[in-house]
Amino acid sequence: PLEMLTRIGMFSMAEGLIKARYDRQLLKEDATELAKILQIDTMRLKRLRKMDCPGITELKWMQLEKMSNTIWPDEMISDFGKANVKPRDLQFLPHKCMTVVQIWNYLKKQEKLSDISMDTLLGTWDDYLSMAGSMKMDVQNSMIFKPKNLKDAHDELVIIKNTEGMEKEAKKLEKKFPKVNAQLAKLKKFEYRNGKFQIVAPQKVLDIVREGRILQHCVHTCDYYFSRITSDESYLFFLRKSDRPDMPWYTLEVEPSGNIRQKRTT
């Protein structure tokens, strides 16, 4: 088959067959015609030849298309090939929740929203559904298994997972620094919003713990921050993007003079 493929200019597929781990199910080696060797038909072979450098991934989609007795858009097969998305990569999705074409259209839309590649988005989707399942969410519900913005939905579940048990941590800190919540209440008047960004003041110790957990820095684990708040030496504020005011981005330590002593993010 290598010689046959190179003769018709399908060099990428020939190279893929040489480099790939041997798969006895991929080719029918006792056949004599190239289409039959590739386990597709003549029309599908013609469609493959028209694609831009088709490889083994495109072939696997063509084989599945033939086995399923259907016709999928060539653009979809080509997109999956370029992203190296194989049929088995979609097995994590809830059974029969979407057609292959619907999955492709959804991933294309998410690519535009997040500027993340299709193969990376599949990993994000798999991780999101795994977290949703562990939280007893109904992953068969279309609103759950295909959120409008996959990356945002994934990040929100990460926040929930990372903040498990934070109430207990916050109560310990409140007991150790009983004046902090009262001090934080005075900061509300300093909140500010201008265009793309805004300054948010923590209302209670729990907000600071949540901020530190999500951004994975030390603001909630170092006692001196709470001591400074108690003594009016410095305060904590959250810098957020205005379109996502609840999503932690930067934590600021600000002195009463307005001088920013520190800024911390992930």
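The values are calculated or read from the model by the stated rules, or taken from the named source; none is laboratory data. These figures come from a predicted structure and were not determined experimentally. Cβ: placed from backbone, ideal geometry, glycine included. Neighbour counts: every protein chain shown. With ligands, DNA and RNA removed, areas are computed over all heavy atoms of the protein, side chains included. Shrake-Rupley method; radii C 1.70, N 1.55, O 1.52, S 1.80 Å.
Tabulated data
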| quantity | calculated |
| --- | --- |
| Selected residue (only one of Leu48, Leu38, Leu26 is among the aliphatic types (A, V, I, L, M), closer than 16 Å to Ser78 by Cα and either open to solvent by less than 90 Å² (accessible area, probe 1.4 Å) or modelled with pLDDT under 95 (or both)) | Leu48 |
| Condition broken by Ala31, with the remaining ones in (1) surrounded by 19 or more Cβ atoms within 10 Å (Cβ to Cβ); (2) without any contact (Cβ under 8 Å) to a residue 12 or more places away in the chain; (3) of a type in the set (A, V, I, L, M) satisfied | (1) |
| Region 75-101 residues that are among the β-branched types (Val, Ile, Thr), paired with ones that are assigned to a loop (DSSP other than H, G, I, E, B) (beta carbon under 7 Å, 6 or more apart) | Val100/Trp72; Val101/Trp72; Val101/Pro73 |
| Answer residue from region 209-224, given it is of a type in the set (Val, Ile, Thr) and in a helix (DSSP H, G or I) and is farthest from Pro248 (Cα to Cα) among those | Val209 |
| Residue within region 85-103 that is in contact with an Asp or Glu (Cβ under 8 Å, 6 or more places away or on another chain), part of a helix (DSSP H, G or I) and either at pLDDT 95 or above or exposed (fewer than 15 other Cβ atoms within 10 Å of the Cβ) (or both) present | no |
| Filter result (surrounded by 12 or more Cβ atoms within 10 Å (Cβ to Cβ) and aromatic (Phe, Trp, Tyr)) within region 193-229 | Phe197, Tyr225, Phe226 |
| Residue ID - nearest to Thr221 (Cα to Cα), chosen from residues in region 130-143 that are open to solvent by 40 Å² or more (accessible area, probe 1.4 Å), touching a residue at least 12 places away in the same chain (Cβ under 8 Å) and of a type outside the set (Ser, Thr, Tyr) | Met135 |
